[in-house]
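Notes follow the structure.
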Amino acid sequence: MALVSENYLRPPTERARMDQVFAPWRIEWVKREDKNPDVKECVFCELPERDDARENLVVAASEHAYVLLNNAPYNPGHLMVIPHAHGGDYTALDDAALLDHARLKQRALDALDAAVGPDAYNAGLNLGGGPAGGSVDDHVHTHVVPRYDGDTNFMPVVSDTKVVVQGLAETYDALHEAFAAQPDASDPGEDTAVPLDFD
Ligand SMILES: [Zn+2]
């Protein structure tokens, strides 16, 4: 009886921490869009079109999808696998886009294993808008979040802005190197996303 009561009285951040894994970036993406007048209507259509992939955190790209590092990572290595085609309906993706998106997720996991070696992963989609969905609800994106044993205790430390920004550049370089070492990939230079050809 006492144990049950204590569990329910634990802070929501602790009790429901798995539910909240996908929550923090919502706020950050909204802030980013508000603050940056250069971002066009859809940030996920715009970012891979820019010249400097490193500056824009686009680390790898295949024919139908690309990999974007989250600019407000839940954990080091937090990235998103995003179809090039604009649209918020996952069930509307055609077969080519679905397969390519899935293969790129596999490659992203391989690259993360090599680059940051986490203890586990959470991977998933936020579909739909409003408080229950994500901040970008009109362009499908799969979050891949590396998890580390004890990382909920670690988070207050890495949440410091300076640490996160420094970590992003280092993580980008490590992931870029890991993608470039994969089969059928080549190193295009540090300012260009690694092209991956699955066929
Ligand atoms: Zn879009």
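Quick rundown of the values:
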| quantity | calculated |
| --- | --- |
| The range 38-94: relative contact order as a whole-number percent, Cα under 8 Å and 6+ apart | 25 percent |
| Gain on full stretching of the segment that runs from A92 to E46 - 0.36 nm per residue minus C-alpha separation | 14.5 nm |
| Pairwise label distance in nanometres, D113 with Q182, each label 7 Å out on the Cα-Cβ vector | 1.2 nm |
| N126 long-range amide H proximity, modeled H, under 5 Å | H141, H143 |
| Sequence-distant residues sharing a close amide H with A60 (under 5 Å, placed H) | V67, V194 |
| In Hz, Karplus ³J(HN,Hα) per residue of the range 185-191 (6.51, -1.76, 1.60; θ = phi - 60°; x = Gly, Pro) | 10, 9, 8, x, x, 6, 9 |
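Where a number appears in this text, it was derived from the coordinates with a stated rule and is not lab data. Since this is a predicted model, take the numbers as computed values, not measurements. Reconstructed Cβ throughout: ideal geometry from the backbone, glycine too, with neighbour counts over all protein chains shown.
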